[in-house]
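One structure is given below, encoded as structure tokens.
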Amino acid sequence: MKVSLFITCLADMMYPEVGESVVRLLHKYGCEVDFPELQTCCGQPAFNSGYQDEARVVARQWISAFEHSDYVVSPSGSCTGMIHHYYPDLFRDEPEWKAKAEAIIAKTYEFSQFLVKVLGVTDVGASFAGKVTYHPSCHAMRLLGIRSEPGQLMEHVRGMELVDLPHCEDCCGFGGTFAVKMADMSEAMVCEKAKNVLATGAEVLVGTDMGCLMNIDGRLNKEGKPVRVMHLAQLLEQGGTAR
């Protein structure tokens, strides 16, 4: 099975180790993984800010980079959600590009979704010694309908204590440009999220979107709280002991 990695801007620039974990896991299950060098931002920041013409330019480049891929897999529900839900609208007046967008949507998956739904994998043989809680990102849940897949993967991690996060479906306050435009509201939301994370007593917070994890991690660090954050792919691929 041939898979193209869509790394996303945030992972590429700040968390490349997440992409490395995704690739190693895909290799483990026999996937041949490539990295289209023409890939760019999916266009979400421009789209969310109302710059649709600029977003279309970026989206055309993204489609061109991946249109020949068999599957596209990303460690981000947010960017994958942008492609699935907003590309058809973005190209509603351009039939050729709308058709290309719809074709690529059918083969584009968020990481946990691909493992469970396409590869049929729920137990990767991982082990992890520590107490962990999980934050589900808004876009993965609400745009892609990802609810059970991360839990199915985590429940098979040996030696790990998984504890429920209170009010887990509440937004962390990041939301990309929302955190910039509505800074006070965003801060209030992430403070609430951090409080709920700390209430679990978990040593590690796991998620599927580095934007959310970066935001929550920033708040926890500001409060001096020693909670480690990890992308789900890192948890499944690295294992080891919480630190």
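Data for the structure
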quantity: Number of the condition not met by residue 147 [criteria: (1) in a helix (DSSP H, G or I); (2) without any contact (Cβ under 8 Å) to a residue 24 or more places away in the chain]; calculated: (1)
quantity: Matching residues in region 5-20 - criterion: being surrounded by 22 or more Cβ atoms within 10 Å (Cβ to Cβ) and more than 12 Å from the chain's Cα centre (by Cα); calculated: 5
quantity: Helices (runs of 4 or more DSSP H) lying entirely in region 1-58 (those with 3 or more residues that are among the hydrophobic types (A, V, I, L, M, F, W, C), in contact with an Asp or Glu (Cβ under 9 Å, 6 or more places away or on another chain) and modelled with pLDDT of 95 or more); calculated: 16-28
quantity: Unique match (being basic (Lys, Arg) and farther than 23 Å from residue 11 by Cα) among 195, 181; calculated: 195
quantity: Yes/no for residue 147 being on the phi < 0 side of the Ramachandran plot, modelled with pLDDT under 95, surrounded by fewer than 23 Cβ atoms within 10 Å (Cβ to Cβ) and of a type outside the set (A, V, I, L, M); calculated: yes
quantity: Residue check for residue 2: among the basic types (Lys, Arg) and in contact with a strand residue (DSSP E or B) (Cβ under 9 Å, 6 or more places away or on another chain); calculated: yes
quantity: Among the residues listed as 187, 169, 110, 161, the single one being within 27 Å of residue 39 (Cα to Cα) and acidic (Asp, Glu); calculated: 110
quantity: Check on residue 65, touching a residue at least 12 places away in the same chain (Cβ under 8 Å), of a type in the set (A, V, I, L, M, F, W, C) and touching a Pro at 6+ places or on another chain (Cβ under 6 Å); calculated: yes
quantity: Those residues of region 157-179 which are surrounded by fewer than 18 Cβ atoms within 10 Å (Cβ to Cβ) and more than 20 Å from the chain's Cα centre (by Cα), in sequence order; calculated: 158, 159, 161, 163, 166
quantity: Residue tally, condition touching a residue at least 40 places away in the same chain (Cβ under 8 Å), in a loop (DSSP other than H, G, I, E, B) and not acidic (Asp, Glu), over region 68-113; calculated: 3
quantity: Only listed residue being surrounded by 16 or more Cβ atoms within 10 Å (Cβ to Cβ), in a loop (DSSP other than H, G, I, E, B) and in contact with a Leu (Cβ under 8 Å, 6 or more places away or on another chain), chosen from 124, 116; calculated: 124
quantity: Residue satisfying condition, being over 22 Å from residue 237 (Cβ atoms) and either aliphatic (A, V, I, L, M) or out of contact with any strand residue (DSSP E or B) (no Cβ under 6 Å at 6 or more places or on another chain) (or both), within set 49, 76, 21; calculated: 49
quantity: Any hit, region 155-164, residues being farther than 25 Å from residue 110 by Cα and either aromatic (Phe, Trp, Tyr) or out of contact with any Leu (no Cβ under 7 Å at 6 or more places or on another chain) (or both); calculated: yes
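The values are calculated or read from the model by the stated rules, or taken from the named source; none is laboratory data. Remember, predicted model here, so these are calculated numbers, not experimental data. Virtual Cβ from ideal backbone geometry, glycine too; neighbours counted across all protein chains shown.
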